[in-house]
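Throughout, read-outs are computed from the coordinates displayed, never taken from laboratory work. Values in this document were obtained by computation on a predicted structure and should not be read as measured data. Cβ placement follows ideal geometry from the backbone for every residue including glycine, while neighbour counts extend to all protein chains displayed.
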Amino acid sequence: MKRNILIQVMAGVGLMTQMPAIAQTQMPDRVTYRCDDQKGFVVNYNTGMTDMIQASFGSRSLMLAKVPSASGVRYSNGVVTVFMKGNAALVDIDNKPFYRNCVAGASTVRGLW
């Protein structure tokens with residue numbers, strides 16, 4: 001199932017660009033990100049809940065709320081924050097870098113838990 005949404009992923013702190021128009025119109029309900037050291041996570045977009053995502057790190061899943069962002073999209077629960085723009089993402093835990101250089105489209109990843 002696909003839905004029209006605008007997803008932007010932060011490529012790095014201060015570096016922000018928009019996704020190509022084609023990718024903005026048809027985004028899957030589930031996106032897998034591969035990061036440095038073969039780690040990664042999965043984002044599930046809940047139908048009808050555009051202000052929330054479910055981020056899965058291995059066997060651990062967290063509901064993250066959309067929070068204000070100067071550019072791109074940011075979701076957080078106050079501890080774990082996922083920044084997304086284009087096909088790139090990064091994850092901070094307690095405001096410290098955790099996953100970096102994450103790219104959408106990977107098929108398998110090794111999670112945090």
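Observations on the model:
- Strands (runs of 3 or more DSSP E) wholly inside the range 50-106 that include at least 1 residues being surrounded by 13 or more Cβ atoms within 10 Å (Cβ to Cβ) and in contact (Cβ under 8 Å) with a residue 24 or more places away in the chain: 52-57, 73-76, 80-85, 88-93, 96-104
- Residues that are more than 19 Å from T32 (Cβ to Cβ) and of a type in the set (K, R), drawn from the range 85-100: K96
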